[in-house]
Amino acid sequence: MKKFVLALAAALLFAPAAEAATVYDLTFTGIWSAWGSPTLASGTGTVTTNGGSGSGLEFAAPFTSNPQLTDVQIDLGLAHFDLDDALFASLTTLNGDPINFSYNGVLSYPGGFFPKLITLNTLPDNTFLITDGLHNNLYTGNFSITEAISAVPEPSTWAMLLLGFGGIGLVMRGARRRQAAAA
């Protein structure tokens, strides 16, 4: 049993670290100005990257390998954009902090006899613009992006937890053996 525990500990210590996904939260606040008086509108989204070192300037896009942009979900009430709708999408970080998010996507949605196309563009100054074939500046405003706080422990934390439980089990087993031998 001791050999098994030692082998497990060695395997966990020398195993390559898993590349955890990093999720960033997007918040959109803007003005809906298609018909009548402009009204406030808002939306949310997430951007997920995988890999990366978290140090220096890093650029993630669907076509890069490490880090790689793996998912985009944006819900603006008017429409829902995701990575499949993206003509282009990228996230730039500096020491793990997001400094630029770019997305240009086109979404078809039903309306009348023909499906309408809605385009979402995020701009370098952290503003965004939604247009369709009939209206310009349908939805404009500002967006912000922050790293989501993750409540999931890292793999090394799980490994230490398992090793601790294994050690407690070994101590309890040895105590039972000593009690049985004394009796």
(message) 5 Å is the cut-off here: which amide hydrogens, built 1.01 Å from N in the peptide plane, fall below it relative to LEU76, excluding neighbours closer than 5 in sequence?
(response) PHE81
(request) Based on other C-beta atoms within 10 Å, arrange LEU26, LEU162, LEU83 from fewest to most. (result) LEU162, LEU83, LEU26
(request) Just add up the charged neighbours of ASN121: K/R +1, D/E -1, any other residue whose Cβ is under 15 Å from the Cβ of ASN121. (result) -3
(request) Please give the net charge around TYR139, taking every other residue with its beta carbon less than 15 angstrom from that of TYR139, where Lys and Arg add +1 and Asp and Glu add -1. (result) -1
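Since every read-out is calculated from the coordinates, none of them should be taken as a lab result. From a predicted model like this one, the values you see are computed outputs, not experimental measurements. Here the Cβ is made from the backbone with ideal geometry for all residues, glycine too, and neighbour counts use every protein chain on show.
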